[in-house]
Amino acid sequence: MRSRVAKHRHSAFQAQKGLCFYCNQPMVSAKKKHHPNRCTAEHLRAKCVGGSDRASNIVAACWHCNHHRHAGKQHAPEPSEWKELMQATNKPSIDSVGTF
Ligand SMILES: [Zn+2]
């Protein structure tokens, strides 16, 4: 089954030339289930705060950036904020973003 989100993810992946929205590093196919750089669909505005599944709300981000933006946080950092952080720190470990 190909969901709408997956379709948008694919379009975003193409539009971003395969680079992560946040860290700008090349992503691998979403089919590589355990790869930290695999392409995931990132909701700029999280669904839990009313974000939609529309293309305008979805970008392609690597699993690492996507996962850490949302992991254990009540409020995910703003996309622009997170992007800066990801590019400035070049993939921090889980621990180093734990204080966010
Ligand atoms: Zn990334």
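Before moving on, here are some points about what is shown:
- Verdict on SER56 being under 19 Å from PRO79 (Cβ atoms), surrounded by fewer than 18 Cβ atoms within 10 Å (Cβ to Cβ), hydroxyl-bearing (Ser, Thr, Tyr) and away from the ligand (no atom under 14 Å from the Cβ): yes
- Scanning segment 69-89 for residues being more than 23 Å from ALA15 (Cβ to Cβ) and modelled with pLDDT under 85 gives a total of 6.
- Complete set of residues in segment 39-53 that are more than 10 Å from the ligand (Cβ to nearest atom), in contact (Cβ under 8 Å) with a residue 24 or more places away in the chain and within 18 Å of GLU84 (Cα to Cα): LEU44
- Members of segment 59-88 found to be near the ligand (Cβ under 10 Å from one of its atoms) and part of a strand (DSSP E or B), listed by number: ALA60, ALA61, CYS62
- Scanning segment 11-38 for residues that are assigned to a helix (DSSP H, G or I) and either within 16 Å of the ligand (Cβ to nearest atom) or within 13 Å of the chain's Cα centre (by Cα) (or both) returns ALA12, PHE13, ALA15.
- Cβ-Cβ under 8 Å pairs, at least 6 apart or on other chains, segment 9-29 side closer than 16 Å to HIS67 by Cα, far side away from the ligand (no atom under 13 Å from the Cβ) and part of a loop (DSSP other than H, G, I, E, B): ARG9/ALA30
- Options ASN24, ASN66, ASN37; residue that is in contact with a His (Cβ under 7 Å, 6 or more places away or on another chain), polar (S, T, N, Q) and either at pLDDT below 95 or surrounded by 12 or more Cβ atoms within 10 Å (Cβ to Cβ) (or both): ASN37
The values are calculated or read from the model by the stated rules, or taken from the named source; none is laboratory data. Since the model is a prediction, treat every value here as computed from it, not as a measurement. FYI the Cβ positions are ideal-geometry reconstructions off the backbone, even for glycines, and counts take in every protein chain you see.
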